[in-house]
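I have placed the structure first, in the form of structure tokens, so that the comments after it can refer back to it.
Values in this text are rule-based calculations from the coordinates and carry no lab data. In this text, all values refer to a predicted model and were calculated from it rather than measured experimentally. All Cβ positions, glycine included, derive from the backbone under ideal geometry; neighbour counts span all protein chains shown.
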């Protein structure tokens, strides 16, 4: 078993792990269980943490497996009820005019990297992620936070690569639009 | 196939480019489009920023 200091350090990432789990599972109780399992597995496997990656990255890796287990057990049926809607491209056509030009061209965000160190920005991003449709959020986080390869996601969720790219495209479009409205072009904020 | 593509097609390809290999021909079409289009250039930078932001997410 790990020393108390290690336990405390793992526990300090609890909030982050829970946010990621809730966004993907959309069920607070199941997410709590998954995070509990993750922290327990981390303490039991503390010797497996080499320190080569950050503790957060290591914990994310454990969480990834726990979430995939849940999806394997129960995720394919009810949670995916709206998958059909989220893999349609038609409603995204409205972003473009009949000649294929942007209706609202994406703006220049200047040097957006400076926002990453701001707590307020991370809160806006969290809010924008929560607004994504459930399957879109799940798939997008698998790709961008858990860093799964496209083929792995298709296999785990039993979706086609075309479904996958439509969902990821939908997520990126929605997120960039939300961030532009709520942050980069928000009144009173210099982009 | 045409060399010129619309923003609608370009934006889809730019997103796909983040998730795996796409054919050389499509990459050339994106590159050409980006040279001519500020909006899609912004879009492409924004997607790269989103990736960085999500990796930095806490």
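When chain A is treated as a Gaussian network with alpha carbon springs shorter than 10 Å, the biggest mean-square fluctuation among A:19, A:138, A:176 belongs to A:176.
The distance between label points at residue A:46 and residue A:89 comes to 5.2 nm (points 7 Å beyond Cα on the Cα→Cβ vector).
Taken over the C-alpha atoms, the range A:44-140 has Rg and Dmax values of 19.1, 59 angstrom. Shape index of chain B: Rg/Rh, with Rg the Cα radius of gyration and Rh the Kirkwood radius from the inverse mean 1/r over Cα pairs, equals 1.02.
Spacing of the modelled spin labels on residue A:161 and residue A:186, each 7 Å from Cα toward Cβ, amounts to 3.9 nm. Note: relative contact order over chain B, using C-alpha pairs below 8 Å and six or more positions apart, is 39 percent.
The mean number of Cβ atoms from other chains found within 10 Å of a Cβ in peptide A:90-103 is 3, as a whole number.
Placing R0 at 35 angstrom, the Cβ-Cβ distance between residue A:126 and residue A:101 gives a FRET efficiency of 0.65 after rounding to 0.05. Under the simplified labelling scheme, the residue A:14-residue A:116 pair shows an inter-label distance of 2.8 nm, with each label point 7 Å from Cα along Cα→Cβ. For the pair the range A:1-76 / the range A:121-157, the C-alpha centres are spaced 16 Å from each other.
Each principal axis of the protein assembly as shown carries a Cα extent, and these read 62, 42, 31 Å when sorted largest first.
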